[in-house]
Amino acid sequence: MIRLRMAFQPIHDIRNKRIIGYEALMRPKKGQSPLALLQRAQKRGNIVDLDESARRLAVKDVASVLDNDQLLFLNTEPESLESIDLWQPWPYNIDPSKVVIEITERSISEAVYPACDYLHELGVNIALDDFGVGTSNLWMVDRFKPHFVKADRSFLGCKAKGNALEALVSMTSVINAQLIVEGVETETDVAYLHKIGVKLAQGFYLGVPTYVEDLLVASHA
């Protein structure tokens, strides 16, 4: 059995210079990559169990770190959203309103809508992850009703060639979602995001994934 640790990467409000939450990232203890672990779990048919274990560990680790207005972002495999029974009743020892369930754009389908609708009713926040990588159309995005849209790093890579990210700023405003730009690696990236009106960002320049014991030290510094 692979033992897990969870690391937490901050998500920043670059306009007001504060951390609005942390994304929990799976870190296997035996040197295996998270992607390889997920692929193995899918082949063995236990991806839902692995996914659930990671979320429970993240909630347990970070409960004492989050400030009152900070959020915990939890990655979720689509298989975990295909059965609403997994979420009834709310299975975690944390207020649903402090949780953001992330699901990749490529995973949006009618199969996940009932669970997502139920999570909305509970007050759980929903984030559409890796936006721009998949093929979902805007009707599907509107039906999904995400609270957050996380733009893939590729949008920043194209900033000198066009206005795709600027268009995404407008689109998220129309659907009443908050845009988070991922993969921020330089001060130049931050300056560009300020220029086009992006408020929320995540990336190594702003903060690397950190284990909970280090977060606790920082919070008491």
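The values are calculated or read from the model by the stated rules, or taken from the named source; none is laboratory data. Predicted, not measured: the structure shown is a model, and the values here were computed from it. Don't worry about glycine lacking a Cβ; one is built from the backbone with ideal geometry, like all the others, and counts go over all protein chains shown.
Just checking, which of 28, 34 is at pLDDT below 90, touching a helix residue (DSSP H, G or I) at 6+ places or on another chain (Cβ under 7 Å) and under 28 Å from residue 181 (Cβ atoms)? So that I can check it myself, show each step before the final result.
On the way: 34 fails: touching a helix residue (DSSP H, G or I) at 6+ places or on another chain (Cβ under 7 Å).
Just one listed residue meets the conditions, 28.
Among the conditions (1) closer than 19 Å to residue 11 by Cα; (2) at pLDDT below 95, residue 116 misses just one, which is (1).
Does residue 142 count as acidic (Asp, Glu), surrounded by 12 or more Cβ atoms within 10 Å (Cβ to Cβ) and either in contact with a Phe, Trp or Tyr (Cβ under 6 Å, 6 or more places away or on another chain) or modelled with pLDDT under 80 (or both)?
Working: acidic (Asp, Glu): yes; surrounded by 12 or more Cβ atoms within 10 Å (Cβ to Cβ): yes; either in contact with a Phe, Trp or Tyr (Cβ under 6 Å, 6 or more places away or on another chain) or modelled with pLDDT under 80 (or both): yes.
Yes; evaluated as a whole, the condition is true for this residue.
Report whether or not residue 60 is more than 19 Å from residue 22 (Cα to Cα), outside any loop (DSSP other than H, G, I, E, B) and of a type outside the set (Gly, Ala, Ser). No, not satisfied. Looking across the stretch 51-61, the residues that are hydrophobic (A, V, I, L, M, F, W, C) and surrounded by 21 or more Cβ atoms within 10 Å (Cβ to Cβ) come down to 54, 58. If you check 159, 199 for being surrounded by 13 or more Cβ atoms within 10 Å (Cβ to Cβ), at pLDDT 95 or above and of a type in the set (D, E, K, R), only one passes: 199.
Evaluate the following for residue 124: is it crowded, with 16+ Cβ neighbours inside 10 Å and either without any contact (Cβ under 8 Å) to a residue 40 or more places away in the chain or touching a helix residue (DSSP H, G or I) at 6+ places or on another chain (Cβ under 6 Å) (or both)? Yes; evaluated as a whole, the condition is true for this residue. Filtering the stretch 80-111 to residues that are at pLDDT below 90 and either in a helix (DSSP H, G or I) or over 19 Å from residue 41 (Cβ atoms) (or both) leaves 105, 106, 107, 108, 109, 110, 111.
One line per residue, one yes/no per condition, for (1) crowded, with 16+ Cβ neighbours inside 10 Å; (2) among the acidic types (Asp, Glu); (3) not in a loop (DSSP other than H, G, I, E, B):
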| position | (1), (2), (3) |
| --- | --- |
| 6 | yes, no, yes |
| 9 | yes, no, yes |
| 15 | no, no, no |
| 21 | yes, no, yes |
| 26 | yes, no, yes |
| 31 | no, no, no |
| 36 | no, no, yes |
| 39 | no, no, yes |
| 42 | no, no, yes |
